[in-house]
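K.L.:
Sharing a structure with you now.
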Amino acid sequence: MGLSSSYATSSLLQLVATTLLLVVFLLGSAHSARLDPQTSSCQEEKLHLRNQHANSTGLFLPLHHIHGPCSPLAHLPRATPSEVLAKDDSRVQNILSRLSTTTARTATTASSLSSRLTADGDLQDSKAATVPLSPGSSLGVGNYVARIGLGTPAKTYTVIVDTGSSLTWLQCQPCRLSCHAQQDPVFDPKASSTYSPVGCSTPECNELETATLNPSGCARLTGVCVYQASYGDSSFSVGYLGKDTLTVGSAVVPGFVYGCGQDNEGLFGKTAGLAGLAQDKLSLLSQVAPKYGMGFTYCLPTSSSSGFLSIGASYPGGSFSYTPLVSGSDKSLYFIRLSSISVGGTSIGVPSSTQTIIDSGTVITRLPAPIYTALSQAVVAALQGSARAPAYSILDTCFKGSYKSLPPLSLKLVFAGGAALDLAPQNIFYDLSGGSFTCLAFARSSRVAIIGNRQQQTFSVAYDVSGSKVGFASGGCS
Ligand SMILES: *[C@@H]1O[C@H](CO)[C@@H](O)[C@H](O)[C@H]1NC(C)=O
């Protein structure tokens, strides 16, 4: 996902960041002392858990909520709900600005990028001068992680899986400007016999601007292509474009193009980087497509279950009902058509002009204001008699007690062609303050609808990109 990162704020935040570092360090050590319950629930689960593997039809990876029982990052401190919702809001603002104009943004990021470069276009080497924004503190909120292998001999890395961005990148030695703290050792291209830098006048370097929505750069002395990937919450990664062997289970993909990040700052938790699944030529999806087909399936787990990501056109996870992928105002995001929402007996129509994005990184589903208002009113009417609670952050339809204490409510998102998500209570509501109140996990947006991950959790979602359709099936997470 990508937009303007504000380098100016980073110096202002240095003091804050240093303080956060200390707090995170202390929290981190406190947490490692009480890891046992999570470890044991994961052990139990592992008996049924698909291990990372590959066959002729695709690559299969366990997918974890960042705090899930088997997540490699389960021990990290959790973000508070207000942090989760604030970050969710910045992701949505980012998507909205990305849909409107490209020129203003490109100009801003171009100047940000140039401030990190030397006169001959290379990255500055000023590690000491840069303090990371907030290393490992605020987590990649609402993020899902998987492990991929890179290099020869292959080493595995925990990466954020994102359907809203294309370029895959890993923090990379020598971390010329900044690497945030990560759990795995930082990737060292010198230790990999198959690593090669990608030159400035290559098709891959030319693709960068489409993939990252930021212009590429060129280190003129070495002739190596420079990328900048930036994200809505002012997180970013800047570095050299490289190629190396990608490994998932027994599958080996030579010449995989990704970013070797030399300046990585922001809210990436302790992950090693990010794997991009948007529809773009440099996306991980497109790069493995010649062998496995252009598609993927996931089941996004809750923080107490495990899911999967399968890359390739095999679509495991159930019998799917499909809705067409449609074209939208951004070529790499996934657009479908929400046709109505049914609440109890009421059906709320959605105008066919409404653009709907299905996104794995947005937490709370957004609806254009008139549709949101109709939904909120229908939910309040259906739960008549349940005591209301005050609004919380972006959520304004709240009730006292946990969702578990509310009467049953049927809520279905219906898409063009009839495919539907028939939501369970935990897909509909978001418990707050330890379940003392709960809010409808939907919010209003200015224009587009975005189907968020809270609503997709525990469904299998198949993105058949070459067949131009998205399928939903219930179940799939374990
Ligand atoms: C490949 O693996 C997937 C996931 O485990 C499985 O569903 C599928 O049947 C396998 N296909 C072949 C051809 O072995």
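The values are calculated or read from the model by the stated rules, or taken from the named source; none is laboratory data. Because the structure is a prediction, the values reported are computed rather than measured. Note that each Cβ is placed from the backbone with ideal geometry, even for glycine, and that neighbours are counted across all protein chains shown. Side chains are part of the model used for accessible areas, which takes the heavy atoms of the whole protein and leaves out ligands, DNA and RNA. Shrake-Rupley method; radii C 1.70, N 1.55, O 1.52, S 1.80 Å.
K.L.:
Amide H neighbours of Gly293 under 5 Å, counting only residues 5+ apart in sequence or on other chains, H built in-plane at 1.01 Å?
P.N.:
Close amide H contacts, sequence-distant or interchain: Ala313.
K.L.:
Could you derive backbone 3J(HN,Hα) for region 322-334 from the dihedral phi with the Karplus parameters 6.51, -1.76 and 1.60 (θ = phi - 60°), listing whole Hz in sequence and x where the residue is Gly or Pro?
P.N.:
Each residue of region 322-334 in turn: 9, 10, x, 6, 10, 7, x, 7, 9, 7, 9, 7, 9 Hz.
K.L.:
For region 350-478, which whole-number percentage of the solvent-accessible area (1.4 Å probe, protein heavy atoms only) is attributable to carbon and sulfur atoms?
P.N.:
Using a 1.4 Å probe with all protein chains present, region 350-478 comes out at 53 percent carbon and sulfur.
K.L.:
For Phe437, which sequence-distant residues (separation of 5 or more, or a different chain) have an amide H within less than 5 Å of its own amide H, given hydrogens modelled in the peptide plane?
P.N.:
Under 5 Å from the amide H of Phe437 lie the amide H atoms of Gly401, Leu432, each far enough along the sequence or on another chain.
K.L.:
In region 258-303, what percent of the accessible surface is made up of carbon and sulfur (1.4 Å probe, ligands and nucleic acids excluded)?
P.N.:
Values: 470 of 850 Å².
C and S atoms contribute 55 percent here.
K.L.:
Something else about it: Rounded if a/c is under 1.5, else prolate if a/b is larger than b/c, else oblate: which is region 150-265, with a ≥ b ≥ c the root eigenvalues of its Cα gyration tensor?
P.N.:
rounded
K.L.:
I would also like to ask the following. Over what distance in Å are the Cα centres of region 248-314 and region 52-100 separated?
P.N.:
12
K.L.:
Which of the lysines could a cross-linker span from Lys87 if the Cα-Cα distance has to be under 20 Å and same-chain partners fewer than 8 positions apart are dropped?
P.N.:
List returned: Lys270.
K.L.:
On to the next question. Past the 22 Å Cα-Cα mark, which pairs from Lys243/Lys281; Lys190/Lys291; Lys155/Lys281? Display every interim value, and only then the final one.
P.N.:
Values: Lys243/Lys281 14 Å; Lys190/Lys291 28 Å; Lys155/Lys281 25 Å.
Exceeds cut-off: Lys190/Lys291; Lys155/Lys281.
K.L.:
Using Cα positions and a limit of under 18 Å, work out the aspartates and glutamates in reach of Lys404, with same-chain residues fewer than 8 apart set aside.
P.N.:
Asp422, Asp431
K.L.:
Quick one: Karplus J couplings for region 289-304, per residue in order, coefficients 6.51, -1.76, 1.60, θ = phi - 60°, nearest Hz, x for Gly and Pro?
P.N.:
4, x, 8, 10, x, 8, x, 7, 9, 9, 10, 7, x, 7, 6, 10
K.L.:
I'd like to check one number: the per residue accessible area of region 359-471, probe 1.4 Å, reported in Å² as a whole number.
P.N.:
With the other protein chains kept in place, region 359-471 gives 35 Å² per residue.
K.L.:
With every protein chain present, what is the per residue accessible area of region 228-356 (1.4 Å probe, Å²)?
P.N.:
Details: 3600 Å² over 129 residues.
Value for region 228-356: 28 Å² per residue.
K.L.:
Treat each spin label as a single point 7 Å out from the Cα along the C-beta direction, and report the Ser353 to Arg78 distance in nm.
P.N.:
The modelled label-to-label distance comes out at 4.3 nm.
K.L.:
Still on this structure: Report the calculated FRET efficiency for Asp422 and Ser250 (r = Cβ-Cβ distance, R0 = 30 Å), to the nearest 0.05.
P.N.:
With a Förster radius of 30 Å, E is 0.20.
K.L.:
Roughly how large, in nm² to one decimal, is the mean projection of the convex hull of the alpha-carbon atoms in region 367-478?
P.N.:
Its Cα hull, projected and averaged over all orientations, spans 8.1 nm².
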